[in-house]
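> A single structure is presented below for examination.
The values are calculated or read from the model by the stated rules, or taken from the named source; none is laboratory data. Treat the numbers as computed from the prediction; the structure is a model and nothing was measured. FYI the Cβ positions are ideal-geometry reconstructions off the backbone, even for glycines, and counts take in every protein chain you see. When the accessible area is computed, the model is the full protein with side chains, heavy atoms only, and any ligands, DNA or RNA have been set aside. Shrake-Rupley method; radii C 1.70, N 1.55, O 1.52, S 1.80 Å.
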Amino acid sequence: MEILKQRPSRHPVERLTLLVLLLLSSVTLLTTLGVILSLLGDVVQFFRRVPLAEFLFAPEWTPLFAEPRYGIAPLLAGTFLVTAIALFVAVPLGLALAVYVSEYLPSDKRARVLGVLELFGGIPTVVFGYFALLFVTPLLQKVIPGLSLFNPLSAGLVMGFAILPYVSNVAADAMQSVPRSIREAAYALGARPYEVALKVVLPAALSGVIAAIILAASRAIGETMIVAIAAGQRPTLTLDPRETIATMTSYIVQAATGDQPVGSTAYYALFAVGFTLFLLTLALNVLAQYIVERYRERYE
Amino acid sequence: MNRTPTPEAFGQDPWKARIDRVFARALVLPLLLALGLLALLLGDTLYRSVSVQVVRADMGPGHTYPFGLSAETILRQELLAQGYTEEEAAFMLQDPKERNALFLQNRVELMWNTHEGPFRYVVTNVYDERVADFSLAEGLRRWNELKANLQEGERLVLNPWLDQTFLTRPPSRSPLTAGIGVAIWGTVWVLSLALFFAIPVGIGTAILLEEYLREGRLSRILEVNLRNLAGVPSIVYGLLGLALFVRGMGLGPSVLAAALTLGLLGIPVIVVTAREALRAVPDSLRLAAFALGATQRQVVFRVVVPAALPGMVTGVILSAARLIGEAAPLLLVGAAAYVPFAPTGPLSQYTVIPVQIYLWISQNQPEFARVAAAGILVMLLLLSALYLMALYLRNRFRREW
Amino acid sequence: MVSLEQLKEHQTVRTDPVPESQALVDVRQLSLWYGTKQALYDISVRFPKNQVTAIIGPSGCGKSTLLRSLNRMNDLVPGVRVKGEVLYEGVNIYDPRVDPVAVRRHIGMVFQKPNPFPKTIFENVAFGLRLMGVKGSELEDRVVEALKRAALWEEVKDRFKKESGLRLSGGQQQRLCIARAIAVEPPLLLMDEPTSALDPIATQAIEDLILELKERYTVVIVTHNMQQAARVSDRTLFMHLGVLVEEGPTEVIFTKPKHPYTEAYITGRFG
């Protein structure tokens, strides 16, 4: 209750308590500040050495070559490719799961199934990467000739399952917040369960569903271990899912595990990529929040 | 509309009724698919964690030893079989330094089956050479053939890679002797320190937001910021850790730098779960405490927080489970190095379980995939234990207000 | 106080019972259980064509349950069990060969709280029609017709294709829900306390509308507002604890009730 949050009295102990709490919570703000500043400092260093135009438009990312090129495009293409494949799996499966859980399961089973799905989110992504590289890729290679050992296809497919709960559980939440009375109205008009789910509940929950998809996309873009293990670490400007590629995240892993001397352009490039990644995911998260707030239906 | 009094009068719509039935059934498929994948993943990992091997001993005849002997007895016999005298063997097992080196170089492992019979010990030396490694199915099918073709000094074993010694041994460049012990200790160190930082901040922020701040600019800023932090990819936290803790504060690739990085990553999760726990405490409790003349602080810390404690603990356990699996940020703050010893303090070098698994996966030797599978099983068991603990706590302390 | 055992011993007291020939709906010995809990006891009653029948009674008396068993909305509740018959134009809607979804297309329903879909006004009214496969200009005509009959057309005619049904006022929303229900021309319209969430002026508008609607439709309305029952209905059913205590012409129920419980309720001594 809002009214219970009274102004603390002037008693010193009360004020001290509030002060301590404020100090503790300021850490969360400082973290954001730290992320931005620590990245920004090195990003500035990077752009002192590499012109922005090269970063944006050069078609190659080869920081360790004798004549290094720093074009982000191959990394963006790789990230986009893996993310698209992951969403291609996660969106239809996740939405179908959300409809099933929210509209077809009785409430006691609903919580249990959502809990099981959360387990997917709880599995460390190294495990998914291992599965993609050693199980899915050999399987796919039998079907698809010319598939590299490291490829975005199997990484993306497996990542689709890793981000599944972000789609299904968030979308199911959105559908659950559609009031029961609206479902009853549709049933009273002679709608069948599938018509209620597809023509009434899903459209009513649309903003939440779209937000769920955007959040899942943001997860996929920032996901690191699956791509680092299974998609490879060779920046290639291609949209062919059979070829070895690198994503922004897998490049960061590669650069960090190799030993870049501090102060080298390659070291600063790490932060330029990281900052791009940060901006991209931040933009998606803000967009998702905006959609939820802006288009939330106000029910009576 | 013209109706005659028969039940069909209301009209039938067999097509739509059929769509409805098909739809309801089809919707179960994604769930089955997801569960199937989960089962496949676990099954595949389990399957890969066992293999049939032919190994050529570096020295000695490649004997196996019967079940029930102590590791020390087995090592002594192995030393004798390798040609050392009784005195030399006794010395090597008594001198602390020699003994330590001996146990690091040799792994005494219980095999499920060997060419000399089931459940026997073998001693694996770092320098032992793998002749062949087969999957369980192929290995068992060809068991007799392999046994017949064994050369002098070779042994045939059904190797469960995940065994007791795997849990305690340090990493090794030979997959035969690699263990996850150092990484387990690294995880324990990093995780406990990370929670040590994250719990006060996370719970303090939750209390501030739920119990103190009215809706206003500050609470709005804090909330938006937390929501955005929760969406920042974990590897970006790694870059923050690299710039701020490893380089900026000069901590180097240490347990402390890793713990601070993971701690920051864990805060948003702890805040969210702690806020839920606080929100579940009914206002009637607060009102009752206020009516007794308690101050804000007394209400919060003597009434509300104790009531919300089980929920908060559950939340902390769940966030710990999430942090255990994090490899990406720690790769950037030094976990990727080869570390032969468990950490001894906050400034020690370290590695953690998921990073160790990643390093094994990246190795060229195919047997490291088996070591990685064993590592994954260890990590999943650890996670299951945490989830069960959280589940138990949630059910044990569930209250109906 | 009235106990269930006492009530069950009584036969329903009936004044001027509706002859079978005039009944649109004929409920015969209907009992209903939610799991093991019985909610309706052996109810028999006829609802006459083109008249308004009100169901009154204290809360929890089963009046909504009876209403919802008329269009098989109760089927949506897990563990519900029904005995007896509900004849709709002579057809038992609980016959196993009857598709409950098809039944609902013939019977309109308006709920306690206005519950428009988060769609445009047009799409709200068009929903039932689309389910029946109505398209094109006929769809448009029938939507407009329904809005007119629900006395909402004048207020929304310049924005009904763009504006969300949720942006209307509470009273307008309820009229939209009525338009949505009557768009498919159901001979029977069920109303479950349709004005309980509305202010007096909006209530007045709905009551006027109900009186107009009975020209074309048969209306069954559940209400806990006795004045409303007296104002809009031709016949009234009084229920208590899942038992139909008394039924008859509204003026009889309200002025000369025969059953002591009915009288006690009407005069405000319980409920």
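> Filter region C:70-92 for residues that are more than 13 Å from chain A (Cβ to nearest Cβ) and on the phi < 0 side of the Ramachandran plot and give the result.
Restricting attention to region C:70-92, the residues satisfying the condition of being more than 13 Å from chain A (Cβ to nearest Cβ) are C:80-92.
Matches in region C:70-92: C:VAL80, C:ARG81, C:VAL82, C:LYS83, C:GLU85, C:VAL86, C:LEU87, C:TYR88, C:VAL91, C:ASN92.
> Suppose we keep only residues that are of a type in the set (D, E, K, R) and part of a strand (DSSP E or B) within region C:40-88. Which one would you say is nearest to C:ARG231 (Cα to Cα)?
Looking at the filtered set, the residue picked out is C:ARG46.
> Of the conditions (1) assigned to a helix (DSSP H, G or I); (2) open to solvent by 30 Å² or more (accessible area, probe 1.4 Å); (3) more than 10 Å from chain B (Cβ to nearest Cβ), A:ILE182 fails just one. Which one is it?
(2)
> While we're on this one: Yes or no: B:GLN77 away from every other protein chain (no Cβ under 14 Å) and in a strand (DSSP E or B)?
On the way: away from every other protein chain (no Cβ under 14 Å): yes; in a strand (DSSP E or B): no.
Here the answer is no, as B:GLN77 does not meet what is asked.
> Could you please let me know if A:ALA84 is closer than 26 Å to A:LEU284 by Cβ, part of a helix (DSSP H, G or I) and open to solvent by less than 40 Å² (accessible area, probe 1.4 Å)?
Working: closer than 26 Å to A:LEU284 by Cβ: yes; part of a helix (DSSP H, G or I): yes; open to solvent by less than 40 Å² (accessible area, probe 1.4 Å): no.
Here the answer is no, as A:ALA84 does not meet what is asked.
> So which residues in region C:93-128 are in a strand (DSSP E or B) and more than 7 Å from every other protein chain (Cβ to nearest Cβ), if there are any at all? Break it down into steps so the answer makes sense when it comes.
Taking region C:93-128 and keeping what is in a strand (DSSP E or B), we get C:107-110, C:120.
Result: C:ILE107, C:GLY108, C:VAL110, C:THR120.
> Another one. Going by the structure shown, is B:ILE221 within 11 Å of chain A (Cβ to nearest Cβ) and free of Cβ contacts under 8 Å to residues at least 60 places away in the same chain?
Yes.
> Further, regarding this structure: For region C:132-148, check the following and say yes or no: at least one residue is surrounded by fewer than 16 Cβ atoms within 10 Å (Cβ to Cβ), within 14 Å of chain A (Cβ to nearest Cβ) and more than 26 Å from C:ILE221 (Cα to Cα).
yes
> Which one is nearest to C:LEU66 (Cα to Cα), of the residues in region C:179-219 that are of a type in the set (S, T, N, Q) and more than 13 Å from chain A (Cβ to nearest Cβ)?
Taking region C:179-219 first, the residues of a type in the set (S, T, N, Q) are C:195-196, C:203-204, C:218.
Going one step further and asking which of them are more than 13 Å from chain A (Cβ to nearest Cβ), we end up with C:195, C:203-204, C:218.
Details: C:THR195: 19, C:THR203: 23, C:GLN204: 25, C:THR218: 16 Å.
Here the residue is C:THR218.
> Another question about this same structure. Can you confirm whether region A:156-167 contains a residue that is more than 13 Å from chain B (Cβ to nearest Cβ) and modelled with pLDDT of 95 or more?
yes
> Within region A:179-211, work out how many residues are of a type in the set (A, V, I, L, M) and farther than 22 Å from A:LEU287 by Cα.
Step one: of region A:179-211, the residues of a type in the set (A, V, I, L, M) are A:182, A:185-186, A:188-189, A:191, A:196-198, A:200-202, A:204-206, A:209-211.
Keeping just the survivors that are farther than 22 Å from A:LEU287 by Cα gives A:182, A:185-186, A:188-189, A:191, A:196-198, A:200-201.
Qualifying residue count, region A:179-211: 11.
> Tell me whether region B:336-359 contains one or more residues that are at the interface with chain A (Cβ under 10 Å from one of its Cβ atoms), loosely packed, with under 15 Cβ neighbours inside 10 Å and closer than 30 Å to B:LEU38 by Cα.
no
> Something else about it: Restrict the check to region B:235-248 and report whether at least one residue is within 10 Å of chain A (Cβ to nearest Cβ), over 33 Å from the mean Cα position of the chain (by Cα) and surrounded by fewer than 19 Cβ atoms within 10 Å (Cβ to Cβ).
Checked region B:235-248: no residue is within 10 Å of chain A (Cβ to nearest Cβ), over 33 Å from the mean Cα position of the chain (by Cα) and surrounded by fewer than 19 Cβ atoms within 10 Å (Cβ to Cβ).
> Can you find, within region A:129-148, the residue that is farthest from the other protein chains (Cβ to nearest Cβ) among those that are in contact (Cβ under 8 Å) with a residue 60 or more places away in the chain and more than 24 Å from the chain's Cα centre (by Cα)?
A:GLY146
> Being of a type in the set (A, V, I, L, M), open to solvent by less than 50 Å² (accessible area, probe 1.4 Å) and more than 10 Å from every other protein chain (Cβ to nearest Cβ) narrows it down to one residue among B:ALA288, B:ALA259, B:ALA280; which is it?
Answer to the selection: B:ALA259.
> Further question: Before we move on, is B:ARG214 facing chain A (nearest Cβ under 7 Å), over 18 Å from the mean Cα position of the chain (by Cα), over 21 Å from A:SER25 (Cβ atoms) and among the basic types (Lys, Arg)?
no
> In addition: Could you check A:GLY122 against (1) modelled with pLDDT under 90; (2) closer than 30 Å to B:GLU367 by Cβ; (3) surrounded by 22 or more Cβ atoms within 10 Å (Cβ to Cβ) and say which number it fails?
In the conditions (1) modelled with pLDDT under 90; (2) closer than 30 Å to B:GLU367 by Cβ; (3) surrounded by 22 or more Cβ atoms within 10 Å (Cβ to Cβ), A:GLY122 misses (3) alone.
> Follow-up question, since we're still on this one. Testing C:GLN173 on (1) open to solvent by 20 Å² or more (accessible area, probe 1.4 Å); (2) part of a helix (DSSP H, G or I); (3) within 11 Å of chain A (Cβ to nearest Cβ), one condition comes back false. Which one is that?
(1)
> Further question on the same structure: Quick one: is A:ALA230 open to solvent by 10 Å² or more (accessible area, probe 1.4 Å), at the interface with chain B (Cβ under 10 Å from one of its Cβ atoms) and among the small types (Gly, Ala, Ser)?
The answer is no for A:ALA230.
> Here are some residues: B:ALA39, B:ALA89, B:ALA101. Which one is surrounded by 17 or more Cβ atoms within 10 Å (Cβ to Cβ), out of contact with any strand residue (DSSP E or B) (no Cβ under 7 Å at 6 or more places or on another chain) and either modelled with pLDDT of 90 or more or in the same structural domain as B:LEU150 (by the TED database) (or both)?
B:ALA89
> Take B:ILE184 and tell me if it is more than 30 Å from A:LEU287 (Cα to Cα) and either in contact with a helix residue (DSSP H, G or I) (Cβ under 8 Å, 6 or more places away or on another chain) or among the hydroxyl-bearing types (Ser, Thr, Tyr) (or both).
It is true that B:ILE184 is more than 30 Å from A:LEU287 (Cα to Cα) and either in contact with a helix residue (DSSP H, G or I) (Cβ under 8 Å, 6 or more places away or on another chain) or among the hydroxyl-bearing types (Ser, Thr, Tyr) (or both).
> Could you check region A:39-70 and list, in sequence order, the residues that are surrounded by 17 or more Cβ atoms within 10 Å (Cβ to Cβ) and either of a type in the set (Phe, Trp, Tyr) or without any contact (Cβ under 8 Å) to a residue 40 or more places away in the chain (or both)?
Once the filter is applied, which keeps residues that are surrounded by 17 or more Cβ atoms within 10 Å (Cβ to Cβ) and either of a type in the set (Phe, Trp, Tyr) or without any contact (Cβ under 8 Å) to a residue 40 or more places away in the chain (or both), region A:39-70 yields A:PHE46, A:PHE55, A:ALA58, A:TRP61, A:TYR70.
> At least 3 residues that are within 27 Å of the chain's Cα centre (by Cα) in each: list the strands (runs of 3 or more DSSP E) lying fully within region B:107-169 that qualify.
So the answer is B:154-160.
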